[in-house]
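Only one structure is covered here, and it is reproduced in the block below.
The values are calculated or read from the model by the stated rules, or taken from the named source; none is laboratory data. Every value quoted in this text rests on a predicted model; they were computed, and no experiment measured them. All Cβ positions, even for glycine, are placed from backbone atoms using ideal geometry, and neighbour counts span all protein chains on display. Surface areas here come from the heavy atoms of the whole protein model, side chains and all, with no ligands, DNA or RNA. Shrake-Rupley method; radii C 1.70, N 1.55, O 1.52, S 1.80 Å.
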Amino acid sequence: MKALIAIGIIFCCLAGCSSSAQVTNDKEMAKNIQKLFVKKDVSSVDVSKLSDFKWEKGYLLTNTSKKEDVEKLVNAPISKEVMEKISSADQMLVFVHEGEVVRYVELPHDFITQDKNELEFSSSHSELKFNKKREGKLIKAGDKTLSSEDALTVESIMEQIKWKKADYSVALDPDVQLTYEGAVYNVRFTSESTELTSKKRGVYGKVTGEAAQRLYEILM
């Protein structure tokens, strides 16, 4: 009961009301979950291995959660403003230690498989399945339309890129053209990175490491 009331406290904080509770939005864990999601043949994430804090229980809230279901879970009335916060995050992981919320993680997409009967997890059962079968955006590499799973991977990588404004009087000589959200990106691969430019959006971005390798495997 104490843990459920504590979750109500974080909802109060999210809605903007005054509270002495200091709860951190773990953006680093969110980034690590997204990095694992794009890895090939990785179907789940063990959140206990990504957490550097103590916790016993966790809850998965989603943008499809019904108000009455959330109220039943937290044993407290939930305002319209709080439900809007949950919906805007798509998914939210809430971590509880000794009856108090200690951390929450906002995910920009439904990366975690949603099961209405499994909204609660624990530090001893902390492996969450990835939702790689959901529909991805329509993305093309040249004339080829990507599969749903590949589109989800590309979508996640594109959202992690730190885009910069650039002068496109001279565009990159592309190895392939990527069509994403109505814009064409020239994509060039090097031995160490993948570079992308979009003249329409006036941006330049680059990824390295495993993300660059995954783009090469999917687009080429």
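Each row is one residue, and each column tells you yes or no for (1) closer than 13 Å to Gln91 by Cα; (2) in contact with a strand residue (DSSP E or B) (Cβ under 7 Å, 6 or more places away or on another chain).
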{"position": "Ala30", "(1), (2)": "yes, yes"}
{"position": "Lys35", "(1), (2)": "no, no"}
{"position": "Lys40", "(1), (2)": "no, no"}
{"position": "Lys49", "(1), (2)": "no, no"}
{"position": "Glu56", "(1), (2)": "no, yes"}
{"position": "Lys67", "(1), (2)": "no, no"}
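Looking across Ser88, Ser65, one residue alone is at pLDDT below 85 and under 19 Å from Gln160 (Cα atoms). It is Ser88. Checked against (1) β-branched (Val, Ile, Thr); (2) at pLDDT below 80; (3) open to solvent by 20 Å² or more (accessible area, probe 1.4 Å), Val82 passes all but a single condition, namely (3). Taking each residue of region 96-114 that is part of a strand (DSSP E or B) and open to solvent by 50 Å² or more (accessible area, probe 1.4 Å) and looking for partners that are among the hydrophobic types (A, V, I, L, M, F, W, C) and modelled with pLDDT under 80 with beta-carbon atoms closer than 6 Å, six or more apart or interchain, yields Glu100/Ala6; Glu106/Ala89. Of all residue pairs spaced 6 or more apart or on separate chains, those with beta-carbon atoms under 7 Å, a first member in region 172-195 that is touching a residue at least 40 places away in the same chain (Cβ under 8 Å) and over 14 Å from Gly142 (Cα atoms) and a second member that is of a type outside the set (Phe, Trp, Tyr) and outside any strand (DSSP E or B) are Glu181/Lys137.
Based on this model, can you work out whether Leu60 counts as modelled with pLDDT of 75 or more, within 27 Å of Lys162 (Cβ to Cβ) and open to solvent by less than 60 Å² (accessible area, probe 1.4 Å)? Let's see the steps before the verdict.
Details: modelled with pLDDT of 75 or more: yes; within 27 Å of Lys162 (Cβ to Cβ): no; open to solvent by less than 60 Å² (accessible area, probe 1.4 Å): yes.
Taking the combined requirement at face value, the residue does not satisfy it.
Of all residues in region 134-162, those that are open to solvent by less than 60 Å² (accessible area, probe 1.4 Å) have Cβ atoms under 8 Å from Cβ atoms of residues that are basic (Lys, Arg) and at pLDDT below 85, 6 or more apart or on another chain, in Ser148/Lys133; Ser148/Arg134; Ala151/Lys137; Leu152/Lys132; Leu152/Arg134; Glu155/Lys137.
The set of residues in region 115-146 that are at pLDDT below 85, under 30 Å from Ile218 (Cα atoms) and part of a strand (DSSP E or B) contains only Phe130.
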